[in-house]
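See structure below.
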Amino acid sequence: MISKIIPAIFEISRPVNVLITMISIFVAVVITGTLYPLYKVLLACISGGIIMAGSNTINDYFDLDIDRVNRPGRPLVLGKLTPWQAWIIAWIEFCLGTLLSLFINFSAFLIALIVSGFMFLYSYRLKRLPLVGNLAVSFATAMAFIYGGVAVNRIKEAFIPAVLAFFFHFGREIIKDLQDREGDAHGSARTFPLVYGEIAGLGLTNAIFLILLIILPIPFLFEWYGGAYMLVIATGVYPVLIYVTFSMWKNRSPKNLGFLSNLLKADMLVGLLAIYLG
């Protein structure tokens, strides 16, 4: 029994998302110029990853009906875990992640508590409201960088990557809504593409990515980051954003939108590399 539950707990946590969160927090710390105290850095990475796991688990709990249409391979849909088990696991993860943040400092605890609350509300209600859910997820993602800065008491240095991460994830969130509109409609969600239409959703994504393309060079132009940052951005982030912008108009199928969403997820690591080298 346990041998079957543990892999399912790992799967429902979306380990790639958890890993990206932990790397984001670590990169945020690195760019502040210090890893001291190291134990707080490790606690920030681990607690942030656990909270992300809780967020993904509770999301599957509330999205069970939607996932039967959009993602039939998810653990709850396949019966690898029961909804009640997912509920308990999510709350254990939220509580454990928040508890660990207490050993960093009080500011970290407040961030962990706020983000946990946001992510629960997102899955429970906010994601079914136009843009509100997208903004909540983007905010929580950006806060991963602030969380890393707080761990070493250097918040200012983490602000730039937090802003960039916000816009990057905001655009990706709208693409995911476009991809999931059939299942979202089945689950009575009121996402931006469902309320305002597919064309409006594509246009909004374009506008978000245009803003991102404009602000990406700013850290280099103001000499906050060096040439290595701009080189990676120019060769690894710009081409992906431009490709996604044109591809989603040319092919609006859920399959292609899903591919673009995953491509952007992979490109997050390239963006993190740029910030790290900067």
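A short reminder: the numbers here are calculations on the coordinates, not readings from a lab. The structure presented is a predicted model; accordingly, all values stated were derived computationally and were not measured. When we count neighbours, we look across all protein chains shown, and the Cβ atoms used for this are built from the backbone with ideal geometry, even at glycine.
Things worth noting here:
- Calculated [222 nm] ellipticity per residue, helices only, for the chain: -25000 deg cm²/dmol; basis is -39500 (n - 2.57) per DSSP H run with n ≥ 4, divided by all residues, nearest 500.
- Length gained when the stretch Ile215-Phe259 is fully extended (0.36 nm per residue, less Cα-Cα span): 13.3 nm
- Of the DSSP H helices in the chain, those that are both long (alpha-carbon extent of 24 Å or more along the helix axis) and hydrophobic (Kyte-Doolittle mean at least 0.5) are 38-62, 83-101, 106-124, 132-151, 159-179, 198-215, 254-277.
- Three semi-axes of the equivalent ellipsoid, segment 216-274, Cα gyration tensor, whole Å, largest first: 27, 11, 7
- log₁₀ of I(q)/I(0) at q = 0.08, 0.10, 0.11, 0.15 Å⁻¹ - the chain, Debye sum with one point per alpha carbon: -0.32, -0.51, -0.62, -1.15
- Annotation: the residues Phe139, Phe209, Phe145, Phe103, sorted from fewest to most other C-beta atoms within 10 Å of their own C-beta, follow the order Phe103, Phe139, Phe209, Phe145.
- Pairs of Lys residues in segment 2-277 are counted when their Cα atoms are under 16 angstrom apart and they lie 8 or more places apart or on different chains; the count is 5.
- Relative contact order for segment 2-277: 20 percent, from Cα pairs under 8 Å spaced at least 6 residues apart, divided by residue count.
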